Amino acid sequence: MIIGNWKMHKTPMEAKAFIEELISHDVEAYLAVPYPSLLLAADCAKNSKISIGAQNLSEHASGAYTGEVSGSMIRSCGARFVLVGHSERRFIYGETDEVVNAKVKRALAEELTPVLCVGESDAQRHAGKTVDVIRSQVEKGMEDLDPKHLVIAYEPVWAIGTGHTATPEMAQEVHALIRGLVGSSTPILYGGSVKGSNAKELLLQPDIDGALVGGASLKVNDFLSIIQGS
Ligand code: PGA
């Protein structure tokens, strides 16, 4: 499972051009696109091997929440999945584990597959807290839920957008910990500076089931080199 996370990049027309080109290569992939592109992207991806998702959703079903977007709106655009608790949401927008858990529940209520993102910061890793942080984020994020309905993405914060990816051994160590918490039927993706040149050795690890790709998902050729090499 290879998911591209476009973050705040691409207009609807740019999204359309990208998806049409990707479809011409007949590959299977997932794209988390900005809200304004959802409807057009899902329409372009219809009857293809490309699945479209959103990058966030409101923890509320509907109501007076100016600027927010609900799971049902996302679902009605044709999206199938949604990222929840990406580290940029946690750190820049202050999302707590409680909010993340509420969002995961909203996603499931709307029949969207939640991709629950977890990861330790540089300071937490250096303080020897990685295991505690990851265990807590996973347990709180999926509280009261059956993990088999979720996808987990492990993204060490220090590896996101920095070019410093975790070594396959470092990543596998944390993936094995998560595997122990969620069981064998939940896909666990790795994210953080994944690119064509490092994807394969990461994906060969026994508990790494896919990748969440930021920067390298913005150009078709870069993204293809990850998908085709996996
Ligand atoms: P990156 O981002 O691949 O650019 O490091 C990954 C992510 O934030 O999902």
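Which count do you get for residues in the range 83-112 that are within 16 Å of the ligand (Cβ to nearest atom) and farther than 21 Å from Ile134 by Cβ? Show your work before the answer.
Within the range 83-112, the subset within 16 Å of the ligand (Cβ to nearest atom) is 83-93, 95, 100.
So of that shortlist, the ones also farther than 21 Å from Ile134 by Cβ come out as none.
Of the residues in that region, 0 qualify.
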Residue check, Val84 touching a strand residue (DSSP E or B) at 6+ places or on another chain (Cβ under 9 Å) and within 21 Å of Leu150 (Cβ to Cβ): yes
Options Val220, Val213: the member that is in contact (Cβ under 8 Å) with a residue 60 or more places away in the chain and either over 27 Å from Glu59 (Cβ atoms) or exposed (fewer than 15 other Cβ atoms within 10 Å of the Cβ) (or both): Val220
In the range 129-168, residue farthest from the ligand (Cβ to nearest atom) [restricted to those that are without any contact (Cβ under 8 Å) to a residue 24 or more places away in the chain and in a helix (DSSP H, G or I)]: Asp132
Condition met for Ser70 (surrounded by fewer than 16 Cβ atoms within 10 Å (Cβ to Cβ) and in contact with a helix residue (DSSP H, G or I) (Cβ under 9 Å, 6 or more places away or on another chain)): no
Residues of the range 171-206 classified as among the aliphatic types (A, V, I, L, M), away from the ligand (no atom under 15 Å from the Cβ) and either assigned to a helix (DSSP H, G or I) or without any contact (Cβ under 8 Å) to a residue 12 or more places away in the chain (or both), total: 6
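Throughout, read-outs are computed from the coordinates displayed, never taken from laboratory work. Just so you know, these numbers come straight off a predicted model, no measurement behind them. Because the Cβ atoms are built from the backbone with ideal geometry, glycine has one as well, and the counts that use them run over all protein chains shown.
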